[in-house]
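One structure is given below, encoded as structure tokens.
The values are calculated or read from the model by the stated rules, or taken from the named source; none is laboratory data. Being a predicted model, the structure only gives us computed values, none of them experimental. Positions of Cβ are backbone-derived with ideal geometry, glycine not excepted, and every protein chain shown enters the neighbour counts. Areas reflect the complete protein model, heavy atoms only, side chains present, ligands, DNA and RNA absent. Shrake-Rupley method; radii C 1.70, N 1.55, O 1.52, S 1.80 Å.
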Amino acid sequence: MDTATRAGHADVLVGLQYGDEGKARVVDHLASEYDVIARFNGGANAGHTIVTPGGTLRLRQVPSGVLHPRTSLYIGSGCVIGLAQLASEIGMLAERGIDLTRRLIISDRCPIVQPAHFMSDHQDGGHIGTTGNGIGPCYADLAARMRGGVRSAFQLRDLVLDERGVFEQMMRVAPQHAGPDVSALMHEMRQAWKVVQRFVTDNPLALLERVEGGARVLFEGAQSVMLDVVHGAQPWVTSSHTLPSYAYVGGDLPCKYHRKTIGVAKAIVSRVGSGPLPTELGGRQSEAYCADAAREGRGRADEARRFDPSALLADGDAFSMGVAMRMLSNEYGTGTGRPRRIGLLDVAQLQRSVRQFGVDEIYLNKCDSLAAFAQTPDRCIPVVVGPEDGDDGRLVRFPAFDAEALPRDDAAPLPPQLETLLEWLMDTLRRPLRGIGLGPDRAQMRRFETQQ
């Protein structure tokens with residue numbers, strides 16, 4: 001039999017903006033169409049959220065297909081593993097009745113985040129705006145290979161071969177004078193390894209063999225294309241490769257099985273930490289405000305005490321609008337709780353990303369957030385279509401719609417104002433819009449029927 005006739009395929013899903021686009025909910029929406037959901041980059045710095053009737057599920061390292069019991073989960077060699085965080089995540093899922101036994105497979109080539117990496121990230125990561133999970137230093141040590149004549153990085157397979165020796169070496173290279181207690185961290189890691197070890201495979205062909213047998217794979221990207229370590233704006237980037245093409249390196253599968261690339265964006269743009277955000281509402285004032293709030297530990301609860309979002313929107317000031325949009329759209333970091341900087345939908349940036357990274361179709365989340373613009377003085381939804389250095393002429397304005405006009409079920413029509421904007425967006429991007437998010441719940445992800 002010709003093996004090509006029964007082989008499966010792989011699709012890649014990535015964020016198209018600056019992260020936090022709602023990739024997990026789209027993965028969850030699509031998971032029933034796939035046999036394997038696989039991660040290929042990043043680590044515990046990801047924050048993937050799925051809102052269910054039973055509560056909110058927050059994932060950092062486990063792929064977002066967990067709610068589909070027939071779907072396998074794979075963590076590829078391009079990911080770095082925080083042992084304690086992963087063990088905790090596995091335990092959290094078990095408490096919710098989600099057993100990952102015989103479902104989750106982890107490549108033994110994944111690097112391990114060491115205590116020294118956490119400490120380095122806590123010391124220097126704040127200047128970039130990292131999550132402090134040691135991801136960047138771990139990738140850096142993997143590339144360095146040795147420091148001072150001593151091996152600087154370890155993979156899961158090293159723990160399999162020499163658990164005691166690897167943990168002792170990690171203890172020796174960790175700074176003893178700063179940061180968290182090293183002994184406590186090491187004890188936590190040793191206990192976590194007992195949980196994680198049973199999911200680790202030494203078969204480099206594990207995913208390939210599934211696909212050769214007909215399996216359909218969806219690669220789930222972490223962060224976004226605008227934060228890629230090479231193609232993003234250094235130094236305000238993540239430490240891994242986030243582009244669709246990297247899925248086949250970090251995900252351990254030949255690229256000949258690629259079928260399509262799915263891009264996820266949201267109707268308002270957000271960014272955590274420093275770095276360019278050309279359409280930011282409030283500009284430098286917003287960036288400074290969010291930086292201060294993160295440094296002082298202020299977030300959602302603080303803004304809820306201080307501000308009335310309706311009054312801020314009525315004010316019409318750009319900075320005030322950004323604060324109100326953040327509050328109404330719950331734009332706070334999943335892992336950190338930090339306030340996200342808020343910007344207008346940047347269609348010019350989306351056009352570049354779609355073209356540069358070969359995106360075939362798009363999902364657009366947080367369309368419901370656009371209803372907030374009905375409370376602004378001009379009752380218009382502004383969308384950016386021109387270069388960064390233009391004036392007001394780079395905006396296209398669409399009539400706003402009231403939140404009450406949003407459909408409560410799939411049978412109800414969209415507000416005509418929103419329908420017009422979405423049709424225009426598809427024509428502008430020259431890509432089909434497959435689905436839209438009309439709220440945070442799983443049931444509020446809706447397919448978008450078009451003529452394209």
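Its Cα centre serving as origin, the chain has a Cβ charge dipole (Lys and Arg +1, Asp and Glu -1) of approximately 920 debye. Can you give me the % of accessible surface on segment 69-194 that is carbon or sulfur? Probe 1.4 Å, all protein chains present, nothing else counted. Carbon and sulfur: 52 percent of the exposed surface of segment 69-194.
With the other protein chains left in place, how much accessible area per residue, in square angstrom, belongs to the chain at a 1.4 angstrom probe?
Values: 19620 Å² over 452 residues.
Accessible area per residue, the chain: 43 Å².
In straight-distance terms, cross-link reach from residue 260 covers every one of the aspartates and glutamates whose alpha-carbon lies under 12 Å from its own, apart from those fewer than eight places away in the same chain; here that gives 11, 360, 361. Three principal axis extents of segment 242-360 based on alpha-carbon atoms, in descending order, are 54, 28, 21 Å.
How high is the relative contact order of segment 134-190? Use alpha-carbon pairs under 8 Å, at least six apart in sequence, and give a whole percent. Walk me through the intermediate numbers first.
Values: 24 pairs, mean separation 10.4, N = 57.
Here the relative contact order equals 18 percent.
Only lysines eight or more places from residue 256 in sequence, or on another chain, were considered; those with a Cα closer than 26 Å are 23.
Surface composition of segment 303-368: carbon plus sulfur atoms contribute 45% of the solvent-accessible area (1.4 Å probe, protein chains only, all chains present).
A simple packing score, the average count of other Cβ atoms within 10 Å per residue, orders the peptides 114-123, 63-72 as 114-123, 63-72, with the highest score first.
How charged is the neighbourhood of residue 306? Take every other residue with its Cβ under 12 Å from the Cβ of residue 306, and add Lys/Arg as +1 and Asp/Glu as -1. Before the final figure, lay out each step's value.
Numbers: positive: 298, 300, 305; negative: 302, 303, 308.
Residues close to residue 306 contribute a combined charge of 0.
Most tightly packed first, judged by the mean number of other beta-carbon atoms within 10 Å of their residues, the peptides 408-414, 253-259 read 253-259, 408-414. For segment 1-66, the spread of Cα positions along the three principal axes, ordered from largest to smallest, is 46, 28, 19 Å. At 1.4 Å probe size, with the rest of the protein present, what percent of the exposed accessible area of segment 237-291 is carbon and sulfur atoms? After summing per-atom areas, the C and S share lands at 55 percent. Over all distinct Cα pairs, what is the inverse of the mean 1/r for the chain, reported as the Kirkwood hydrodynamic radius in Å? Across the chain, the inverse of the average 1/r is 22.8 Å.
First select every other residue whose beta carbon is under 10 angstrom from the beta carbon of residue 355; then total the charges, Lys and Arg +1, Asp and Glu -1. If you can, show how the numbers build up before the last one.
Working: positive: 352, 430, 431; negative: none.
With Lys, Arg at +1 and Asp, Glu at -1, the neighbours total +3.
Across the chain, the relative contact order, built from alpha-carbon pairs under 8 Å that are at least six residues apart, equals 19 percent. Descending by average beta-carbon neighbour count within 10 Å, the peptides 378-386, 397-405 line up as 378-386, 397-405, the highest first. Taking label positions 7 Å along the Cα-Cβ direction at both residue 94 and residue 330, the computed distance is 2.8 nm, reported to one decimal. Cα centroid separation, segment 83-102 to segment 275-327: 35 Å.
Adding -39500 (n - 2.57) for every DSSP H run of four residues or longer, then dividing by how many residues the chain holds, sets the calculated 222 nm ellipticity at -10000 deg cm²/dmol.
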